[in-house]
Amino acid sequence: MEAPVVALRKVFKRIDGEDILKDINLEVRKGEFLSIVGASGSGKSSLLYIMGLIDKPTFGEVLFEGERIEFSREEYLSRIRNGKIGFIFQFHYLLPEFTALENVMVPMLKAGISSEEAKERGRELLRKVGLAGKEERRPYQLSGGEMQRVAIARALANSPLLILADEPTGNLDSRNTEVVMDIFLDLNAEGITLVMVTHEEYLAKRSHRVLEMKDGRIISS
Ligand SMILES: Nc1ncnc2c1ncn2[C@@H]1O[C@H](COP(=O)(O)OP(=O)(O)OP(=O)(O)O)[C@@H](O)[C@H]1O
Ligand SMILES: [Mg+2]
């Protein structure tokens, strides 16, 4: 059987003497759409950061495509992060002085793609998230839902195999929530593996598997 995209084994995260993640064992299979729910402070974002190789566990191990991750090798870590994982944060973190298109181009340029090619693919991705014609706008000239869609296009820049989204609809109205959710379902249908943190039970129900966290532990799956 194919290795899980990402797997955590006996992962603990300790901050200031307190375990904010406790004995996390988890496998995300290729093509899966997993959602994570749980009360505020239960460890959802912390878990996502470890899955995204943004943060390292205090104990335990993380495997990415079956390979054990060495968190001390920063260059190799950032190569996986930039090339294979797309991260969507609750707040979009777009660069305010850059246009929508330039924001989407950044990860491609970082990966060494020519600016010509990055521009073309950037336009294509913005079209895909319904933002054709808005390429030259800066974030302040876009609505919240549009900014989040730029962030999704940016996360897709390097054709990631895994997308991690931390409350991607947390700041959106119901119409934009639907738009974002439809984009996620389309991406998943194209074969991208997705992990989404959400507070909304009705959204979680549309994924394949719901994982519930409480006080740093996975209490149900
Ligand atoms: N860098 C940090 N330093 C200290 N404590 C932290 C740090 N990061 C997270 N925590 C603590 O760890 C716990 C889990 O935080 P986390 O952000 O993972 O929760 P969450 O489930 O994402 O919550 P929310 O739904 O509010 O986003 C919280 O008690 C938080 O205060
Ligand atoms: Mg959080």
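The values are calculated or read from the model by the stated rules, or taken from the named source; none is laboratory data. Everything quoted here is computed from the prediction, not taken from an experiment. Every residue, glycine among them, receives a Cβ derived from its backbone with ideal geometry; neighbour counts consider all protein chains shown. Only protein heavy atoms, including side chains, enter the accessible area calculation; ligands, DNA and RNA are left aside. Shrake-Rupley method; radii C 1.70, N 1.55, O 1.52, S 1.80 Å.
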Where a residue in the stretch 39-52 is within 19 Å of Thr193 (Cα to Cα) and more than 6 Å from ligand 1 (Cβ to nearest atom) and its partner, wherever it lies, is open to solvent by 40 Å² or more (accessible area, probe 1.4 Å) and in a helix (DSSP H, G or I), with Cβ under 8 Å and at least six apart: Gly52/Arg81
Can you name the number of the only condition in (1) within 16 Å of the chain's Cα centre (by Cα); (2) within 11 Å of ligand 1 (Cβ to nearest atom); (3) of a type in the set (Lys, Arg) that Lys13 fails? (1)
Given (1) closer than 24 Å to Pro160 by Cα; (2) free of Cβ contacts under 8 Å to residues at least 60 places away in the same chain; (3) open to solvent by less than 60 Å² (accessible area, probe 1.4 Å), where does Arg79 come up short, assuming only one miss? (3)
Can we say Thr169 is surrounded by 23 or more Cβ atoms within 10 Å (Cβ to Cβ), more than 20 Å from Leu53 (Cα to Cα) and polar (S, T, N, Q)? yes
How many residues of the stretch 77-100 are away from ligand 2 (no atom under 16 Å from the Cβ), hydrophobic (A, V, I, L, M, F, W, C) and in contact with a Leu (Cβ under 8 Å, 6 or more places away or on another chain)? The answer is 4
Do we find that Lys110 is closer than 13 Å to Asn158 by Cα and open to solvent by 90 Å² or more (accessible area, probe 1.4 Å) in this structure? yes
Would you confirm, using the coordinates I've provided, whether Gly133 is in a loop (DSSP other than H, G, I, E, B), away from ligand 1 (no atom under 16 Å from the Cβ) and surrounded by fewer than 18 Cβ atoms within 10 Å (Cβ to Cβ)? yes
What about Gly112, is it in a strand (DSSP E or B) and either touching a Pro at 6+ places or on another chain (Cβ under 7 Å) or more than 20 Å from Gly130 (Cα to Cα) (or both)? no
Residues being open to solvent by 90 Å² or more (accessible area, probe 1.4 Å) and under 19 Å from Phe89 (Cα atoms) - total across the stretch 114-130: 0
Breaking point among (1) under 30 Å from Val11 (Cβ atoms); (2) open to solvent by less than 60 Å² (accessible area, probe 1.4 Å), for Asn103: (1)
Out of the stretch 154-166, which residues are assigned to a helix (DSSP H, G or I) and open to solvent by less than 30 Å² (accessible area, probe 1.4 Å)? Ala155
Being touching a Pro at 6+ places or on another chain (Cβ under 6 Å) and crowded, with 23+ Cβ neighbours inside 10 Å: is that true of Ala151 here? no
